Every structure is written in structure tokens, then in C-alpha cells.
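The values are calculated or read from the model by the stated rules, or taken from the named source; none is laboratory data. As the structure is a computational prediction, the values presented were derived from the model and not from experiment. Note: ideal-geometry Cβ built from the backbone for every residue, glycine included; neighbour counts use all protein chains shown.
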Amino acid sequence: MGSGVGTGVVKYNQAGDNNFNAAPEVSTSVAALKADATISITGFSGVYDGMAHTGDGTAKGVNNANLTSSLTIGPSFVNYPGGTVNWFFAGGDNYNDTSGTVLVDISKAPLNINWEALTAITYGTTLSGKLNAIAKFNGTEVTGTYLYKQGTITVTPATILNAQPKPYNLSVEFTPSNSNYTFTSGTNSIVVQKANQIISWSDPDPIVYGTALSAVQLNATAAGTLSYTPDLGTILDGGQHSLSVSAAETSNYNASSASVTLTVAPAEATVIAIGGTFTYDGHEHAGSGSATGIGSPADELPVTLHYTGTPMAKR
């Protein structure tokens, strides 16, 4: 039998010769069995790449005959974690059918976090526009959830950080919505500078001479400690005066200063004029007077006496 399988009969005979008599015919049966093909199947182990993966293999028969076309392998897998692939070899007439499984193992792909260096901000500025990291796979943005932190404290676009000389270290944790990617993190830093302090202070209403400066006039508001020139309790002369204030530096603000204009109106003096009734005696008689200002004791002011009426001639 040259090929195929099954059973057959083999007959043998000896015709005889000068030394031997002819022998009777002898027959026997022969069975041809299917052979096992040589099959090599491999699975797949690798990182998610968006491509379909399945098993791969070859089948060889007698005399190294190529039987790979009789192999069926499937299914294929694209996503994490992969799965089991079945294979089957159809042996046909000459080879035994064979089957088995291999594993396609797809691991999660790492991501790149793109987070450009952050420019400095001043105190009072939120982190809006700064928490802008982007997770990418092969240059394409991946959807998911970003969690930003400063140390162990969660920060958001509405967060305001205090000013400080050294940069703040920021971090981001990205959880992809697709299970084909790994959890990924990144870092960045930002400098928060002191802000210029704003002093709120308007020109006060005019006062009258003798009114001491009080919180009514010296009523500026600012973040830092305030120092006024002139200070509380000062009594200014009449006229226009410039009032100034200095706001001390704080941890979040630079030192600052401002000024306003105050008008001091003249006060009313207290004037007393004293005359008299005299019996004619041939002598001159005059009145007297005084003027006092404010204070205790009151300031004595110079006075000038003026007489009205017609003096009588001496007799």
C-alpha cells in the first residue's frame, strides 16, 4: 500500500527451482493506520496595542509535508486581558484529527502624561487653567478621571494657594475609563508670588480746626498693619493737608502706601468786648476785649479794638 488507510491482503508464493519444490501460496492481511501530524501552536503575550491577536501555528506530515492549511485557529482578541484560543487540525484520510488551546495574554498599556511647565501666579489667582494635564496613548488623548493634589491635599481649579518663596509641588493621578490602560500619574510645580496690596481709602469729609484726627478720617482698610502720617490724635492747622498711610508687608501681600486730602476749616473764636458807663470826669475812658480759641485752657488770641461813635470834646 503506497497511500491511504485501511486493510489489504499480501500473498506470497514460491515457484520452486532445482533445489526446492514449489511451495503453496501463503497470504496475510495488512492494516494501514492514520499518522499523527507534527503540530506547533503558540499563543500571544504582550501589551495592548489596539490590534487583534490570536494563536499561530504550523502542521507538518510525513516527509515534512506542509499541512498548515488544515489548521483552524480562533478566536482573536484585541482588549485586555485577552483569552483562550482554540485550535483544530483536520487530519483527513491520512492523519488523526487533533485539537487544543493556547492563551492570548494582553496586558494593560502604560500612558504618557503631558503637563506643560506652569508659569508663576500671584496670590489670589485660582488654579483655573493650570490643572490641564493630558493622558495620551500613542499620541492620542485617552478619556478618564484626573485627580490633582498639592501634597496630600486635593486641589481644584477654584483653589487659591498662599504665596511662598519656594514652588508648590503638584501631582496628578489619572484613572482611565478604558480597562486597556494603566493607572498613571505625573508631577509639576508652580510658584505663587505675593500680590500687590490694595488700600481702600477715600478723601474724608472736611473738619474744623481743633478736631483731632480719629478713625473717622484715618479709616483706610488693607490686609497689612496700617501706619498713618500724621497719626491719630493730631490736630492740624487750617488748610488742606495730605494724609498718608503705609500697609505693612504680609505673607501674601507686598507693602503698599496711599494718600488722601483733608480740608481743615477755620474754627470760630470766642470774642468778648467789655464797655462801661462813666460819669464825666474829664478823663478818657476805653473799653476792653479778649478773644479765645479752642483747647483747655483755651488759646488766647490777639485782639484789636476799634471804636465807633463820635468822641465828645473836652470842656
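Here are the numbers for this structure:
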| quantity | calculated |
| --- | --- |
| Residue match in region 172-186 (condition: modelled with pLDDT of 95 or more, within 30 Å of residue 147 (Cα to Cα) and surrounded by fewer than 12 Cβ atoms within 10 Å (Cβ to Cβ)) | yes |
| Region 119-160 - residue that is among the aromatic types (Phe, Trp, Tyr) and touching a Leu at 6+ places or on another chain (Cβ under 6 Å) and, of those, nearest to residue 190 (Cα to Cα) | 148 |
| Residue 117 vs. criteria touching a strand residue (DSSP E or B) at 6+ places or on another chain (Cβ under 8 Å), surrounded by fewer than 12 Cβ atoms within 10 Å (Cβ to Cβ), aliphatic (A, V, I, L, M) and touching a residue at least 24 places away in the same chain (Cβ under 8 Å) | yes |
| Selection status of residue 133, in contact (Cβ under 8 Å) with a residue 24 or more places away in the chain, touching a Gly at 6+ places or on another chain (Cβ under 8 Å) and not acidic (Asp, Glu) | yes |
| Hits in region 180-206 (condition: of a type in the set (A, V, I, L, M) and closer than 16 Å to residue 220 by Cα) | 198, 199 |
| Selection within region 13-72 - in contact with a Leu (Cβ under 9 Å, 6 or more places away or on another chain) and farther than 16 Å from residue 104 by Cβ | 37, 38, 39, 58, 59, 60, 61 |
| All positions within region 69-88 that are part of a helix (DSSP H, G or I) and surrounded by 15 or more Cβ atoms within 10 Å (Cβ to Cβ) | 70 |
| Filtered residues of region 239-277 (kept if of a type in the set (Gly, Ala, Ser) and modelled with pLDDT under 95) | 267, 269, 273, 275, 276 |
| Single match in 54, 68, 58 (criterion: closer than 27 Å to residue 100 by Cβ, within 53 Å of the chain's Cα centre (by Cα) and at pLDDT 70 or above) | 54 |
| Filtered residue count, region 137-170, keeping only those that are β-branched (Val, Ile, Thr), in contact (Cβ under 8 Å) with a residue 24 or more places away in the chain and out of contact with any Ser or Thr (no Cβ under 7 Å at 6 or more places or on another chain) | 3 |
| Which numbered condition residue 163 misses (of (1) surrounded by 15 or more Cβ atoms within 10 Å (Cβ to Cβ); (2) in contact with a Leu (Cβ under 7 Å, 6 or more places away or on another chain)) | (2) |
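Okay, residues lined up against (1) exposed (fewer than 14 other Cβ atoms within 10 Å of the Cβ); (2) in contact with a Ser or Thr (Cβ under 6 Å, 6 or more places away or on another chain); (3) farther than 15 Å from residue 89 by Cβ; (4) in the same structural domain as residue 139 (by TED's automatic domain parsing):
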{"site": "36", "(1), (2), (3), (4)": "yes, no, no, no"}
{"site": "40", "(1), (2), (3), (4)": "yes, yes, no, no"}
{"site": "46", "(1), (2), (3), (4)": "yes, no, yes, no"}
{"site": "49", "(1), (2), (3), (4)": "yes, no, yes, no"}
{"site": "63", "(1), (2), (3), (4)": "yes, no, yes, no"}
